[in-house]
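Report on the structure given below.
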Amino acid sequence: MSAEKRLSFDEVTAKYPDFPRLLALKIDMHRRGVAYTDRALSAFDPSVHQGGGTHIFGTRDGKLTARPEALTLRDGTSVIATPTPIEQNPYIVDLIDDKLMITDRGEAIDETFFWDKPDYYDKRTSSGAIMQNVVSARPQRLYVVPNRYCHFWTENSGGGGCKFCDIVNNLKTQREEIEMPTRITIKDVGETIDEALKEKGRFTAIALTSGSDYRGEKPFDKEVDFYIEILQAIGERFETDRFPAQLICTAFSKEQIKRIYDNTGVTSLTYNIEVFGESIFNAVCPGKAKWVGYKEWKKRLCDAVEIFGESRVNTGIVAGVELAPPYGVKSEEEGLKLLLSEAEDLAKNGVSSVNVVWQPRPGSFFGAKHNQTIGSLEYYVRLSIGLQELRLKYGLSIDFDDYRRCGNHADSDLARVFQ
C-alpha cells in the first residue's frame, strides 16, 4: 500500500462529526489492540469478570493467560480488542482513581468496563466439560463452536487455510493450556444451553460457527450433518419451531442449506467470504477458492436469500486484508472502491455485508510476516459508513448481527444510530 497521510484520532472525529466518537474509538482499539497495566489487571476478578481463552482465534501477542475477554464503553459499545505487544503501540488500559480508563501516550481517553461473566461459565457438564469451553458468550448472544478445526489446513485439502487466520494454531495452544475440546458433543451443548437459559433476560440469540469440513459424499456434507444435529439439540430447548439462531458457516450448496433450514429452527445465515475481489480471494483464501470459488460463493449467498429471506443473510469481510502485500490493492481509495462495489452487488440481492478490523496474529501466515500495514482509522470509518448506507439504500436490516448480538462489527453498530 502506498504511503498515504493518516489522520490522528482527533482529526478523524473532527472530519466526520456525525460518526459516533465512541464507535471511532472502538475501531481504533481494534486496529491498534490493547494492553493492560498491572493496576488494570488487579481490578480484573476472574470470579466476576469474563476472561479470555474461549475465542476461536488467538491474540496479537500470542499468549493465552487470564485476561479480560473484552471491554464495554460508556454507551454499551462492545470492544473485542485483542491483547497486543507494547512495541506495536496499542491503547493502554489502566486503573486511574479507581476507574478503568483507556489511555494513549499517558493521556486518559475514556472510561471502560470489563464484561461480567455469565453464571454458567464455571459449571461443568455431566461429562466433566467446563461449560464456558462448550458455549461462550457475547453481551446478549450465546456462541457455540461445534468444531474448532478447519480442514482447509490439512495437506490433502488441495487448498490451504486463509492467510489471515490462526484457527488451527490457536486450537493447538488451547489444547495444551486449557481444557478446550476440538469437537463438542451434542449432550454437552444441550446441558450448557439449559444452564445459560436460566439467566432470564440475559441472552437474545445463539450463534454457531466452526472451521470448514469439506468431507462427505458431497463436499461439506459432514459439516452440514453436524450442524443439523447441534441445531436440533438446541431447538429442543425452545417451544417455537424457529428460534433466534445465526449459523456462520461455509457457503453450502442450495440443496444443503435448504436441508438445514427445513430440519432445524435456524433463522439467519452468514457465509463469510472474508475478502472481496476474486484475485485477492484466490490468493488469500486458497481453500475456499478450491472448494467453492469466489463467484460461486457470491451466488450461494444470493441463493440463500431465496430460502431465508432478505435481511436474514449476510457475509463478513476481514477489512484491511485487501490492502496487504503482495496480493492486495495499492491504495486505500482503491480498497474502498473495491469493498463497497462488491458489497453493493450483494446488497442488490438482499445480502448484507459486515466488516471486522483485520488484526494480524502471529499464528497466521500474514501474522508471521513482519511489517504488515493495516488500514487507517479513516479507512474503517468510511467503510463502516458506506456499508450502513448500503443497508439503508436497499432496505436491509442487520438486527441478527448487530451491536447487541455480536458487537464485533462497527458498521452494524451504526444501525442503532442511523436508521
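Throughout, read-outs are computed from the coordinates displayed, never taken from laboratory work. Predicted model only: the values in this text are computed from it and were never measured. Note: ideal-geometry Cβ built from the backbone for every residue, glycine included; neighbour counts use all protein chains shown.
Looking at the stretch 33-114 only, what percent of DSSP beta bridges run antiparallel? Nearest 5 please. Of the beta bridges lying entirely in the stretch 33-114, close to 80 percent run antiparallel.
Ranked by how many other Cβ atoms sit within 10 Å of their own Cβ, fewest first, the residues Phe114, Phe44 fall in the order Phe44, Phe114.
Quick one: plug the Kirkwood hydrodynamic radius of the stretch 33-114 (C-alpha pairs) into Stokes-Einstein at 20 °C, 1.002 mPa s, and report D in µm²/s. Here the translational diffusion coefficient equals 166 µm²/s. By the helix-only formula, in which each DSSP H run with n ≥ 4 contributes -39500 (n - 2.57) and the sum is divided by residues, the chain has a 222 nm mean residue ellipticity of -9500 deg cm²/dmol.
Note on the chain: Cα convex hull, mean projected area over all directions, 19.1 nm².
Remark: relative contact order (the chain) = 17 percent; criterion is Cα-Cα distance under 8 angstrom and separation of 6 or more residues.
When only Cα pairs under 8 Å and 6 or more residues apart are kept, what is the percent relative contact order across the stretch 33-114? 35 percent.
The H on the amide N of Val93, modeled in the peptide plane, is under 5 Å from the matching H of Ala35, Tyr36, Thr37, Thr103, each at least 5 residues off or on a different chain. Taking every DSSP beta bridge that has both ends in the chain, the antiparallel portion is near 45%. Listed from fewest to most Cβ neighbours within 10 Å, the set Ile167, Ile96, Ile130 follows the order Ile96, Ile130, Ile167.
Compactness check for the stretch 329-419: Cα Rg over 2.2 N^0.38 Å is 1.17. Among the trypsin sites (Lys or Arg not before Pro) within the stretch 1-85, those in coil by DSSP and having at most 15 neighbouring Cβ atoms inside 10 Å are Lys5, Arg6, Lys63, Arg74. Distances between placed amide hydrogens fall under 5 Å for Ala137 paired with Tyr143, all partners being 5 or more residues away or on another chain. When the P(r) of the stretch 286-386 is calculated, the portion above 23 Å amounts to 33% of the C-alpha pairs.
The ranking of Met29, Met101 from fewest to most other beta carbons within 10 Å of each one's beta carbon is Met101, Met29.
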